[in-house]
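Every number in this text was worked out from the coordinates using simple rules, so none of it is lab data. Because the structure is a prediction, the values reported are computed rather than measured. Note that each Cβ is placed from the backbone with ideal geometry, even for glycine, and that neighbours are counted across all protein chains shown.
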Amino acid sequence: MRSQVPRGRIVAIDSREARTAAGVTGVFTGRDIGLKLYGRRVRDAPVLAVDEVRFVGERVAAVVAESRSAAEKAAATVVVGVEELPPALEAEQALTPGSPRVHETPWTYPGAVVSEADPHNLQSRVCHGRPDEVEQRLAESRHVVDHVYRFASGHQGYIEPQTCVATVDPDGTVHVWMANKSPYRLRAQLAACLDMPPERIEIHPVAVGGDFGGKGSPMDAPLCVELARRTGRPVKLVQRYDEDLSSANPRHSGRIRVRVGCDGDGRLTALAADALFDGGAYAGFKPIPTVSLHGLADIGSSYRIPAAAVEARIAYTNTVPRGHMRAPGAPEAVFAFESALDELAGEAGIDPAEIRRRNLLRTGEANPWGETWLESRGLETLEAALMAYCPLDLEGGWRHGRGIAVYDRPTSTGKTSLRLLPSGEGIVAEVPMPETGTGAHTVVRDGLARELAIEPGLVEVRQVSTAALPHDDGVGGSRVTAALSKAVAEAASAFIDGGSSEAVTVVVEPGDTPQVTAFCVQIAQVAVDPQSGQVRVLEILSAVDVAEVVNPHAHRLQIEGGAAMGYGLACLEDLVMRDGRVWAANLGGFRIPSTVDVPAWRTVLVEGGSGVGALGVKSVGELSNVPTAAAIASAVADAAGVRVRDLPITAEKVYALLHSEDVS
Amino acid sequence: MDPEFAVPASLDEAVRCLEHEGAVAVGGGTQVGLLLRQGLIEPSRLVWLGRVAGLREIRSDVDGSLLIGSGATLSEIAGSPVVRSAHPMVARAAAHVGNPRVRAVGTLGGHLVHADPRQDLPPCLLVLAAEVRLLGRKGTRDVPLRDFYRGPFETAVQDGELLIRVKIPASPEPTRCCYLRFTPGTSNDYPTVGVAALAEFDAGATRRAAVGLGGVAPRPLLVDLPQLAGRPLDATALAAAGQAAATACDPVSDQRGSAGYKRAMVRLWTERALRACRPLDG
Amino acid sequence: MRLAFLLNGEPFETDAPGGVLLLDLIRDCGLRGTREGCGVGVCGACTVLVDGDPVSSCIYLAGCAQGKEVWTVEGIARREPDLVEAFIEHEGLQCGACTPGQLVMAAALRARGKDPGEAATRDFLAGNLCRCTGYRSIVESVRAALGS
């Protein structure tokens, strides 16, 4: 039973009819559970709302029954009396003094990064760089552009919705099966929420039907555990897809203002970026220590910019809490920067490829945020893309456009563990993380096959529960291949040392990893119909800077799937958040790309790079989805002479720019 | 409350089954299944028409008109050589409804009585002056499609009545038709604007022209274009047609576009659809 | 109502509520390969064949399957293992959530004839959403299965 209003005080919950309905085991509210808070970093999300509701879709009461249909029928009879309060529905508004308070004292939550002195609806604020120097350099620049770029809310769009099963043993041990990509973090998050030692919680292996950043939080697990405790039965919760779209943890909406300048030769002088994003009612779905989206703070990172400054603020609002999605903050930051760069190129009369040639980082140069990489192959990657580019023919009436965008993504690694056991002629590899579709288990299989010189078919990869292996950081953060490759190398080595007959367990720490980044340059080709504004994306060409590629097929799928996601963000996806609620609340309304929507994919691998670990790999999981929207927007500008600065790029937006007198 | 599931074997039996209070007719079931799943309807009885004899027939009548039984699936209509030959626009429009799973079982009757103003077939059938036959306990009655749609999801079908067939009169030669569906987002979706254009010619001049519009009014709209009669279908005529269609429509702003944009698209796509109807040598 | 139909080639009989949807009936039988994704008939994760026609079982009234032949992914995989092989060989999957639906569609398409070409294959699969792959490998897998 979920809140129907964005903000209010719970006055009464009438569950009499539900309690006696057929098949119902029990009905529980926040009063029964108590105020228990969970979160990935900030613990501010209640298991069930207590006394107040903060967003449309917030969990208010739970009906437990023998079947899903009995539970749903009974839940529909629960009446929640809420005294509505004025909500804060927009980030800008929420940060003004006197706006409705989403939380009374947000600085008191465990993990909070705000203080009492901050605006009362601030979730996080990150500042980097030297703003004074930036202002001075911008003032002295020959050309400056100053634009605001905007982003609708979207959703990770995994085909399998959020789902969880929990049981509690008589001795209190908790068992959880959940579509979640980081079992050890889940265990720690549950332990913190339920105030129990992590060793008394076991997360069991499951395959995950797509994650894309949306399945890293405890979500419904704490509730299922509490319900299992109170009913003495295993409890299962599977979200209906409309619930997932509107009340799980979709993407932040927001805007970024970019001011960027260059000299007479098109060399960048300074960058000022000001990002304001909507984090929804709870900050607990963001995992990094700053409680921000790290892509925002990396804006402009692929280039040589003498002075840069960024401020990224995320606000609490009375809307669905937002979470991570594949390279969080990066598609937005790159859209804003690359679009501004193209607009700057236009002002300066320089070709978009040329302005990039002049400003892309070269090996040994520090990026605007002070990071220097082992190598910076942006130029080679750009040239490879341009060489491979081939314009497509169009039917009459359509205007052709080409757009370029660049992104670089550092390769991380992480802490993980692995066990090898001999098994007949082959081996079993016990791994601590689930397969979410990215091919993590394949990396293990292929790596072991190579290290042990056996057929891949003789390697069985099996995810085990958290009780069986010490640790894993979880899927995500572009760290899986690097971390697993290291674990595979060490485990194989230890296994061989033991005569290949004894089980070995290894725990790998990241250790000293070289600072490695991978570039992706995309060139989008579009056809625009100026009479309707319709944009057909014909092709996305992705040039990808690679080192060693463990499994070429899986690698290629990450690139193509990433580009598809980038295309969806660019042209289709909008949850249509109005008046605090999601209006596109099913996959008929929230459209993700289908077979006939997607452009053609071309992939060019720019080989010869140097990666991390024994194999020398570079990440690819959060790469090709990032520059796509920027490339498409620039292609549209090239085709039609108009610049769309808010996503998604729709025919109507293009039309309105072209025919400003026609649309009322 | 769990509904009964009735499986009549004849039209008479079907009508009797529908006399029950709270009875709902089911063709392919895609609409009813969806509404049931979402808890939006609570029928006392589901009357499945899948076994009713003769309801799926597609044939030409003696006077040259095309008769399509309401039980024919959209897939059958799209692939029918009879439909493709007599009214290819109808076959092509049917091929675009929903997705292959919808078309495999979704019936013409179910499609028409659902009456979503954005659907593909109603505009096509409107310009072709189609007529539906309804059967109830009082017998049959024929309703021209132009009188069939009352409002969003609202038709002339009364309680206890079934839509049993659609009749499309033969078009005088030469007649050219074209249906264009504008889907700027995902193609596998309702169109933002759908335009079915029809032009009958006589010695190079237009004798009769009309457009059917989907998605831009509370119901599918038929816009007759008398101002085109007696003239060649040239640029001026096309512009006049676009203007007339834009004036006649009454779109609302929604996720697919603002009212102003939809109106502009009605003008554009009316011109394009009629242009595609021009005689090849004209 | 008393329901009887062929399920994966075997006779199947049950008493079921009149409004029961085919997906729920199938999953209650233990056939978990057919999944609820979007729940509104759009994503195709719930695709099964009824008399050779692909349907969205999440919105298909089970009563309409009376006396018909229903095939789920489990039956199709057993009956046409080369379809599964084609998906493996051409890497037509990543997380696997959409894969049963894609396989069932492939079987339906193959029953209609030879490989109809890239565009027609994509059209046929347009109602089966995948968030992982970008579709190239799925289309290749299906066309390979049809060509063979």
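Can you give me the orientation-averaged projected area of the convex hull built on the Cα atoms of segment B:131-180, in nm²?
Projected area, direction-averaged: 4.8 nm².
Rounded to whole Å and sorted largest first, list the principal axis extents of the Cα atoms in segment C:2-74.
So the three principal-axis extents are 29, 23, 21 Å.
Quick one: work out the % antiparallel among DSSP beta bridges in chain A, nearest 5.
Restricted to chain A, the bridges split so that about 75 percent are antiparallel.
Taking only DSSP H segments of four or more residues, each worth -39500 (n - 2.57), what value at 222 nm results for the protein assembly as shown once the sum is divided by all its residues, to the nearest 500 deg cm²/dmol?
After summing the helix terms and dividing by the residues of the protein assembly as shown, the value is -8500 deg cm²/dmol.
Treating the Cα atoms of segment B:128-226 as identical point scatterers in vacuum, please give the log10 of the normalised Debye intensity I(q)/I(0) at q = 0.19, 0.25 Å⁻¹, two decimals.
Values, matching the q order: -1.04, -1.26.
Of chain A, which part is the longest with no trypsin sites (Lys or Arg not before Pro) in a loop (DSSP not H, G, I, E, B) and with at most 14 other C-beta atoms within 10 angstrom?
A:363-664
Relative to the compact-globule scaling 2.2 N^0.38 Å, provide the ratio for the alpha-carbon radius of gyration of segment A:521-610.
1.35
Hey, what's the per residue convex hull volume over the C-alpha atoms of segment B:4-48, in cubic angstrom?
Taking only Cα atoms, segment B:4-48 has a hull volume of 58 Å³ per residue.
Limiting things to C-alpha atoms, what are the Rg and the maximum Cα-Cα separation (Dmax) for segment A:416-508, in angstroms?
Computed over the Cα atoms of segment A:416-508, radius of gyration and Dmax are 11.9, 36 Å.
Bin width 10 Å, alpha-carbon pairs only: give the P(r) of chain B as whole percents, running from 0 to the bin holding the largest distance.
All Cα pairs considered, the percentages come to 7, 29, 34, 21, 8, 1, 0.
What share of all Cα pairs of segment A:129-241, in percent, falls into each consecutive 10 Å distance bin?
13, 34, 18, 10, 12, 10, 3, 0
Would you please give the residues with an amide H less than 5 Å from that of B:A72, counting only those at least 5 places away or on a separate chain, with H modeled from the backbone geometry?
B:L108, B:G109
Is the C-alpha gyration tensor of segment B:58-168 telling us rounded, prolate or oblate? Criteria: a/c under 1.5 is rounded; beyond that, a/b larger than b/c is prolate, otherwise oblate.
Oblate shape, in that a/c is at least 1.5 and b/c is the bigger or equal ratio.
Mean shadow of segment A:55-214, computed from the convex hull of its alpha carbons, in nm²?
For the Cα atoms of segment A:55-214, the hull's average projected area reads 15.8 nm².
So if we plug the beta-carbon distance of A:R9 and A:S660 into 1/(1 + (r/R0)^6) with R0 = 51 Å, what FRET efficiency do we get, rounded to 0.05?
0.65
Using the eigenvalues of the Cα gyration tensor, what equivalent ellipsoid semi-axes result for segment B:2-98 when each is taken as the square root of five times the eigenvalue, whole Å, largest first?
Calculated on Cα positions only, the semi-axes equal 29, 17, 8 Å.
May I have the extent of the alpha carbons of segment A:563-621 along their three principal axes, as whole Å values ordered from largest to smallest?
Taking max minus min along each principal axis of the Cα atoms, segment A:563-621 gives 51, 28, 14 Å.
I'd like the Kirkwood hydrodynamic radius of segment B:175-275, using the inverse of the mean 1/r over distinct C-alpha pairs, in Å.
Mean inverse Cα-Cα distance, inverted, gives 13.4 Å.
Please grab the % of Cα pairs in segment A:104-164 that end up more than 18 Å from each other.
Summing the P(r) tail past 18 Å for segment A:104-164 gives 70 percent.
Please list, short to long, the whole-number percent of alpha-carbon pairs of the protein assembly as shown in consecutive 10 angstrom bins beginning at zero.
For the protein assembly as shown, the binned pair fractions read 2, 10, 18, 23, 22, 15, 8, 3, 0, 0 percent.
Step through the residues of segment A:93-103 one at a time and calculate ³J(HN,Hα) from phi using the Karplus curve (6.51 cos²θ - 1.76 cosθ + 1.60, θ = phi - 60°), rounding each to whole Hz and writing x for Gly and Pro.
5, 5, 8, 8, x, x, 6, x, 7, 5, 10
Evaluate Rg over Rh across segment A:515-664, taking Cα atoms for both radii and Kirkwood's formula for Rh.
1.05
Please say if segment C:38-116 is rounded, prolate or oblate, where rounded means a/c under 1.5 for a ≥ b ≥ c the square roots of the C-alpha gyration tensor eigenvalues, and otherwise the choice is prolate for a/b larger than b/c and oblate otherwise?
oblate
A 26 angstrom limit on the alpha carbon distance is what I want to check against. Which of A:K36/A:K236; A:K618/A:K653; A:K236/A:K486; A:K215/A:K653; B:K167/B:K262; A:K181/A:K236 exceed it?
A:K618/A:K653; A:K236/A:K486; A:K215/A:K653; B:K167/B:K262
Would you kindly compute the Cα radius of gyration of segment A:376-469 and its largest Cα-Cα separation (Dmax), both in Å?
Over segment A:376-469's Cα set, Rg and Dmax evaluate to 21.9, 66 Å.
Given H placed on each backbone N at 1.01 Å, which residues far from B:T155 in sequence or on other chains put an amide H within less than 5 Å of it?
Close amide H contacts, sequence-distant or interchain: B:R150.
Taking the alpha-carbon centroid of each part, what is the distance from segment B:198-219 to segment C:69-148 in angstrom?
Cα centroid of segment B:198-219 versus Cα centroid of segment C:69-148: 41 Å apart.
Once you have the Kirkwood Rh of chain C from its Cα pairs, apply Stokes-Einstein at 20 °C and 1.002 mPa s and quote D in µm²/s.
D = 140 µm²/s.
Consider all pairwise Cα distances in segment C:80-147 and report the whole-number % of them above 20 Å.
13
Taking trypsin sites (Lys or Arg not before Pro) that fall in a DSSP loop and have at most 15 other Cβ atoms within 10 Å as cut points, what is the longest piece of chain B between them?
B:139-282
Can you list the trypsin sites (Lys or Arg not before Pro) in segment C:1-88 that are in a DSSP coil and have 16 or fewer other beta carbons within 10 angstrom?
Filter output for segment C:1-88: C:R32, C:K68.
Can you give the translational diffusion coefficient of segment A:440-565 in µm²/s, computed by Stokes-Einstein from the Kirkwood radius over Cα pairs at 37 °C and 0.692 mPa s?
Stokes-Einstein gives a translational diffusion coefficient of 185 µm²/s.
In Å and from the alpha-carbon atoms only, list the Rg and Dmax of segment A:128-192.
24.4, 73
Sorted from largest down, what three extents in whole angstroms do the Cα atoms of segment A:266-407 have along their principal axes?
Extents along the principal axes, in whole Å: 48, 44, 27.
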